[in-house]
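Trainee: Got a structure for you, written out below as structure tokens; questions coming shortly.
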Amino acid sequence: MGWVTVADRVNIGLVCLFMMLWSVSGIGVNWGTQASHPLPPDTMVRLLRDNGFQRVKLFDADYDTLKTLGKTGIEVMVGIPNDMLAIVGGSMKAAEKWVAKNVTQHITSNNVNIRYVAVGNEPFLETYNGSYLGITFPALRNIQSALVKAGHNNQVKVTVPLNADVYESTNGSPSGGDFRADIHNIMLTIVNFLSLSAAPFTVNIYPFISLYSDPNFPVEYAFFDGNASPVSDGGTLYYNMFDANLDTLAHALQKNGFADLPIIVGEIGWPTDGDRNANTEYARRFNQGFMSHISGGRGTPMRPGPIDAYLFSLIDEDSKSIAPGNFERHWGIFTFDGQAKYPLNLGTTNSGALISAKGVQYLERKWCVMKPSVRLDDPQVEPSVSFACGSADCTCLGYGTSCGNLDAWGNISYAFNSYFQKNNQREDACKFPNVSMITKADPSPRDGNCKFNIMIQPYYGSAGWYAQKPLGLTSVLL
């Protein structure tokens, strides 16, 4: 690309200075909000602070969330969803309005420590079929201009969180790294812009997805224990997929003239349910291994030194799309109600363990289950289960999942209860025609990890969030 000249790029010394100034201690975390019953922002912020998180990455710019983060000192990355890229990319006035409302107001009025604006979220995924290819860079450019105009450009940097599929290797090793051929030009445009803006490249890396997608993927290579057979790249040995993946990006940047562009790992983690490889044992092993791997600050062969990263994610989200897989709703290191899932030492608490959310308010201790007297071949059972799972969350059912060993009655009851709880235990949410009943006896198995949850009290924020009224079951199922 002849238009990229040495003169265009930021002086290497300035980039190094930027890296030193912007490198922060501690681990960050992603805070997603696609939950039917989110915990109140003040409970979530206390969860962040109790666990020593110094950085948080958001996927939007919710007013209550940002206001609650004010005066905490926590560094914040606010997000612009993909469906807003065309708006801010197509109008400078819209970009300036967005920055005024979601950055300036919170910095000046609420004392929120906003440090990044994430323009889009993995907009170049191949599954999007190019929907955002033409609008991501205009949005990035306009938001950066709006930040400059508002006087925030020294504190707040723009970035585009990208999936690791934006680069590939021509020889199967990190040294063959380059940007995907179909988006090569637009990637160089974005990378050049980030360099000129002294902004970082943000990448999401998921070894779990590789294991999920390829049954022949070497399991040990996903972890950091050193048990995998190393992969040699011209004499450089790689003992885990993370290092190899990050260095593939580093080679891609170097190959195109941006060897010193800072890299942030925007998402990295391991789910705990919804697939045979998604369990608490593997999640603890991966996340603890990652924390140990980066704590020494040695980095990767291509990028020695500290790594800035955000764990994915803080909490489970039962309303996320399961198109990629049932595991999508189970990435949290905490359950939907803020309870620690497994021992994990982030190096940020005195106890060396995760600290669960405090003061969580639950609905009444009652469940919706299948009537014991109903036969399994009752014609109302199958459509009732189908409706319940389609409207609620049954991702803990199935082969290799936490509730995968339930009998038929247990599976049906789990589906009924999921719908019942999601709809705030309304009586009409447990009226599956002649096949369901409400009980105060916990149906959860006494052994194993399967739990029939009781939902938390709904949170009504300033945006007027409320639990959706359940559909009329009788009319739907008859």
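The values are calculated or read from the model by the stated rules, or taken from the named source; none is laboratory data. Just so it is clear, the structure is predicted and the values come from calculations on it, not from any experiment. Cβ sites come from the backbone with ideal geometry, for glycine too, and all protein chains shown count toward neighbours. The area values use the complete protein model at the heavy-atom level, side chains included, leaving out ligands, DNA and RNA. Shrake-Rupley method; radii C 1.70, N 1.55, O 1.52, S 1.80 Å.
Trainee: If I model a spin label at residue 213 and residue 50 as a point 7 Å from the Cα along the Cα→Cβ vector, what separation in nanometres do I get?
Mentor: 3.7 nm
Trainee: Hey, another quick one. So which trypsin sites (Lys or Arg not before Pro) in the range 48-124 pass both tests, a DSSP loop state and at most 12 other Cβ atoms within 10 Å of the Cβ?
Mentor: Details: sites: 49, 55, 57, 67, 71, 93, 97, 101, 115; in loops: 71.
Hits after loop and neighbour filter: 71.
Trainee: Select from the range 316-413 those trypsin sites (Lys or Arg not before Pro) which occupy a DSSP coil region and have at most 12 other Cβ atoms within 10 Å, ordered by residue number.
Mentor: 358, 365, 375
Trainee: Separate question: Kindly report the accessible area of the range 93-204 per residue (heavy atoms of protein chains, probe 1.4 Å, no ligands, DNA or RNA), in Å². Write out the running numbers ahead of the final one.
Mentor: Numbers: 4200 Å² over 112 residues.
Result: 37 Å² of accessible area for each residue.
Trainee: Of the heavy-atom accessible surface of the chain (probe 1.4 angstrom), what whole percent is carbon and sulfur?
Mentor: Numbers: 10340 of 20600 Å².
Solvent-exposed carbon and sulfur of the chain make up 50 percent of the total.
Trainee: Here's a follow-up. Relative to the present Cα-Cα distance, how much length would full extension add between residue 386 and residue 109 at 0.36 nm per residue of separation?
Mentor: 94.9 nm
Trainee: Note the full-extension length gain between residue 292 and residue 34 as 0.36 nm times their separation in residues minus their Cα-Cα distance, in nm to one decimal.
Mentor: Full extension of this stretch gives 89.9 nm more.
Trainee: So, for the range 409-456, what is the accessible surface per residue at a probe of 1.4 Å, expressed in square angstrom?
Mentor: Values: 2240 Å² over 48 residues.
On a per-residue basis, the range 409-456 sits at 47 Å².
Trainee: Along the Cα→Cβ direction, 7 angstrom out, place labels at residue 457 and residue 165. What is the inter-label distance in nm?
Mentor: 4.3 nm
Trainee: Taking R0 as 35 Å, what's the FRET efficiency between residue 434 and residue 322 from their Cβ-Cβ distance, rounded to 0.05?
Mentor: Values: r = 30 Å, r/R0 = 0.84.
Once the sixth-power term is evaluated, E becomes 0.75.
Trainee: Could you compute the longest span of the chain free of chymotrypsin sites (Phe, Trp or Tyr not before Pro) located in DSSP loops and having at most 15 other Cβ atoms within 10 Å, not counting the site residues?
Mentor: Looking at the chain, 4-398 is the longest stretch - no exposed chymotrypsin sites (Phe, Trp or Tyr not before Pro) with at most 15 other Cβ atoms within 10 Å.
Trainee: Do any of 67/422; 157/320; 320/358; 320/366; 341/451; 422/451 go past 21 Å between their Cα atoms, and which?
Mentor: Working: 67/422 27 Å; 157/320 28 Å; 320/358 25 Å; 320/366 25 Å; 341/451 13 Å; 422/451 15 Å.
In this structure, 67/422; 157/320; 320/358; 320/366 lie more than 21 Å apart at Cα.
Trainee: By the gyration tensor of its Cα atoms, with a ≥ b ≥ c the square roots of the eigenvalues, what is the shape of the range 367-439: rounded for a/c under 1.5, prolate for a/b over b/c, or oblate?
Mentor: oblate
Trainee: Report the full-extension gain for the segment residue 365 to residue 93: residue separation times 0.36 nm, less the Cα-Cα distance, to one decimal in nm.
Mentor: 92.8 nm
Trainee: If you don't mind, there's one more thing I want to ask. Relative contact order (percent) for the chain, with alpha-carbon contacts under 8 angstrom and 6 or more residues of separation? Walk me through the numbers before you get to the answer.
Mentor: Details: 908 pairs, mean separation 70.9, N = 478.
Reported as a whole number, the value is 15 percent.
Trainee: Hey, another quick one. Treat each spin label as a single point 7 Å out from the Cα along the C-beta direction, and report the residue 399 to residue 128 distance in nm.
Mentor: 3.3 nm
Trainee: Just one of (1) 41, 26, 21; (2) 36, 29, 19; (3) 63, 27, 19 is semi-axes √(5λ) of the Cα gyration tensor in Å calculated from these coordinates, so which is it?
Mentor: So the calculated entry is the one marked (1).
Trainee: If R₀ is 56 angstrom, what is the calculated FRET efficiency for the pair residue 376 and residue 351, using the beta carbon separation as r and rounding to 0.05?
Mentor: 0.75
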